[in-house]
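Student: For reference, the structure I am asking about is given below.
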Amino acid sequence: MDTGLKGKKVLVTASTKGIGFAVAKEMLKEGATVFISSRSEDNVKRALEELRRVGEAYGTVADLTAPEDRERLVKEAVNAMGGLDVFVFNTGGPPSKSFKDTDLSDWELAYKLLLESAVHTTKLVLPYMLEKGWGRVVYITSVAIKMPIEGLVLSNAVRVGIAGLLKTLVREYAGTGITFNSVLPGYTLTERLEEVLRKRAEMEGKEFEEVVREVEEKIPLKRLGRPEEVAKAVVFLASEAASYITGAFLQVDGGLVPTLF
Ligand SMILES: NC(=O)c1ccc[n+]([C@@H]2O[C@H](COP(=O)([O-])OP(=O)(O)OC[C@H]3O[C@@H](n4cnc5c(N)ncnc54)[C@H](OP(=O)(O)O)[C@@H]3O)[C@@H](O)[C@H]2O)c1
């Protein structure tokens, strides 16, 4: 399949590890130019070293909860790549907590990290796509927007806002050549998942391995996902092959979500 991504300029946020990093790598394999970011300079350096073995990659340090960092990030990406065609919004996950353990500062942080950052960065990138009359926006969210996940009340409650945002953007930007879609990862083996499952094991007084086995048992494909399996779905939605797909929520979850829609 020709993805048509060769030469396209792709910004992937929160992308020095895990799913975001895998997306950057898969985009490079398609011949795209990539710009990555995260909060730690060391992580950015290490990730760029690996990505530059695959293709043309740039990056910067930026905290997605800080409005001034978001503005600088998009400017730097456009300057480094000479434009912007594809925007893949990824972000760090909020802390793993039950409702009773959260206070208002947790909710404020979750809003900034998961929703305000998506709204703001989308506002910043759209002018470049409108100028070209072509663009792709892919939000990496979670199966939590279809099926609340135990111990992740912040993600369960705040991420659904992206679903409403996405469906609205599809209509508001109709006829502009820009598509808006979301990929919903299920349990995917990254540092973040390990942290979430360790916390769950601690809360339930179980061994980590036991919790992993319990999770795998609930997944029809009987295993955790790999970051590159999520990344390939993102590449597809950003590609020419997905030219008639907009407003879609694509689960990459081994069959975990049991609902019809
Ligand atoms: N893994 C799963 O099973 C799973 C399932 C469903 C949804 N998700 C969601 O998918 C997203 C990615 O998950 P992951 O498992 O790939 O996580 P991960 O392995 O922890 O990687 C997160 C990446 O985001 C960066 N980051 C974190 N907070 C940031 C911030 N405030 N600003 C900028 N960059 C930030 C991290 O780098 P720095 O630390 O250097 O900033 C890192 O590069 C998360 O939102 C997660 O909740 C994951």
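What follows draws every value from the coordinates through simple rules; no lab data is involved. Note that the structure is a prediction, hence the values are computed from the model and not measured. Positions of Cβ are generated from backbone atoms using ideal geometry, with glycine treated the same way; all protein chains shown enter the neighbour counts.
Student: What value in Å³ per residue do you get for the convex hull of the alpha-carbon atoms in the chain? Working shown, then result.
Tutor: Values: hull volume 33.4 nm³, N = 261.
So the per-residue hull volume is 128 Å³.
Student: On a 0 to 90° scale, report how tilted helix 160-172 is relative to the longest principal axis of the chain, with both axes built from alpha carbons and the result rounded to the nearest 10.
Tutor: Its long axis makes an angle of about 30 degrees.
Student: Which peptide among 249-255, 133-139, 201-207 comes first, and what is the full order, when sorted by highest mean count of other Cβ atoms within 10 Å?
Tutor: The peptides rank, most packed first, as 133-139, 249-255, 201-207.
Student: Near Phe99, within a Cβ-to-Cβ distance under 14 Å, what is the net charge of the other residues, with Lys and Arg +1 and Asp and Glu -1?
Tutor: Surrounding charge for Phe99 is -2.
Student: Additional query: Within the set Lys9/Lys199; Lys9/Lys123; Lys29/Lys218, which residue pairs have Cα atoms separated by over 29 Å?
Tutor: On the way: Lys9/Lys199 38 Å; Lys9/Lys123 17 Å; Lys29/Lys218 33 Å.
Exceeds cut-off: Lys9/Lys199; Lys29/Lys218.
Student: Also, I was wondering about something else. Net charge within 11 Å of Ser182 by Cβ-Cβ distance, Lys/Arg positive one each and Asp/Glu negative one each, not counting Ser182 itself?
Tutor: Net charge around Ser182: +3.
Student: Sort 40-51, 1-12 by packing, meaning the average of other beta carbons within 10 Å per residue, with the highest value first.
Tutor: 1-12, 40-51
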